[in-house]
Amino acid sequence: MKIAVLSRKPSLYSTQRLVEAGKQRDHEMRVINYLSCYMNITSHRPSVHYKGAKLEKFDAIIPRIGASNTFYGTAIVRQFEMMGVFSVNDSQAITRSRDKLRTFQLLARKGIGLPVTGFARNIHDIDDLINMVGGAPLIIKVLEGTQGLGVVLAETKKAAESVIQAFYGLKSNILIQEYIKESSGTDIRAFVIDNRVVASMKRQGKEGEFRSNIHRGGSATKIKLTPEERSTAVRATRAMGLKVAGVDLLRSNHGPVVMEVNSSPGLEGIEKTTGLDIADKIIRYIEKNHVPGKPKVSRVKG
């Protein structure tokens, strides 16, 4: 098959691994910078152009769309879908997962475990908002943040009020969430492919850091999930309409709670921690599910 990896940087670990895994299984692989693509939107002959020429027909694409380029990136994915190209994750599911508020609303509707979460726009509602999530300490999270950026731990009510007011002053959309004290700066990344957890790791934040992201200096170890954690990760992925996802979980006193569902999860941390070939599993997923001329579109409502 001809498979395109939609990625801004061919040098990224995840991009290199996907290309390598595809070639090992005798597929023709190409890396396409989706920000350099442009489209001919017509009813009968939609096409994608790249660097001055019309792209050849691909059998499948693997979107690696950065959070800051979601709008344009998903537009390119949607154009490929119009052309009948199979996408590992479809454009609707990627867009859905990038909206943190929408994600939590969809997960809540499915009865999936979540930290108590509040959202408001009026500065006069701060007191009730803080009480809603159980008071301080609490987490304040910018909706557009990634890799632990835009996430603040407010240890006192006064600190929470100041941070919330500052974000409101900057006209930022934020979520307020309960702080899961018992997680102790750790979280779990479950890697889901085709409704099955294929790998998992525990991430531990560096000393004094409540965020466990490896990009923030955290460390990772291999971990075995409980049946409830596996079920939660799979249900969360399915609720978003994704087929490949990284689901971030916290272990709370009332069971696993979902913090995020990532539609372009990195491969470096999970592969190096578990020793598993996740890139190969993604290529095999394409081989199993690719149907020529029939793009996969998620059917999730909302």
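Just a few scattered comments:
- Taking each residue of the stretch 82-100 that is without any contact (Cβ under 8 Å) to a residue 40 or more places away in the chain and within 27 Å of V142 (Cβ to Cβ) and looking for partners that are among the acidic types (D, E) and surrounded by fewer than 22 Cβ atoms within 10 Å (Cβ to Cβ) with beta-carbon atoms closer than 8 Å, six or more apart or interchain, yields S91/E81.
- All positions within the stretch 115-144 that are part of a loop (DSSP other than H, G, I, E, B) and in contact with a helix residue (DSSP H, G or I) (Cβ under 6 Å, 6 or more places away or on another chain): A120, A136, L143
- Within the stretch 58-75, tally of residues that are in contact with a Lys or Arg (Cβ under 7 Å, 6 or more places away or on another chain) and assigned to a helix (DSSP H, G or I): 2
- Number of residues in the stretch 5-57 that are in a strand (DSSP E or B) and not acidic (D, E) equals 16.
- Listed here are the helices (runs of 4 or more DSSP H) enclosed by the stretch 225-293 that have at least 3 residues being outside the structural domain of R203 (by TED's automatic domain parsing): 268-274, 278-289.
- The residues of the stretch 168-201 that are crowded, with 19+ Cβ neighbours inside 10 Å and assigned to a helix (DSSP H, G or I) amount to a single one, S183.
- Criterion: under 22 Å from E260 (Cα atoms), touching a Phe, Trp or Tyr at 6+ places or on another chain (Cβ under 9 Å) and surrounded by fewer than 15 Cβ atoms within 10 Å (Cβ to Cβ) - qualifying residue of N69, N33: N69
- Residue check, A108 free of Cβ contacts under 8 Å to residues at least 60 places away in the same chain and either surrounded by fewer than 19 Cβ atoms within 10 Å (Cβ to Cβ) or in a helix (DSSP H, G or I) (or both): yes
- Residue within the stretch 115-138 that is at pLDDT 95 or above, surrounded by 19 or more Cβ atoms within 10 Å (Cβ to Cβ) and closer than 23 Å to L242 by Cα present: no
The values are calculated or read from the model by the stated rules, or taken from the named source; none is laboratory data. Here the structure is a predicted model, which is why all the values come from computation and not from measurement. Don't worry about glycine lacking a Cβ; one is built from the backbone with ideal geometry, like all the others, and counts go over all protein chains shown.
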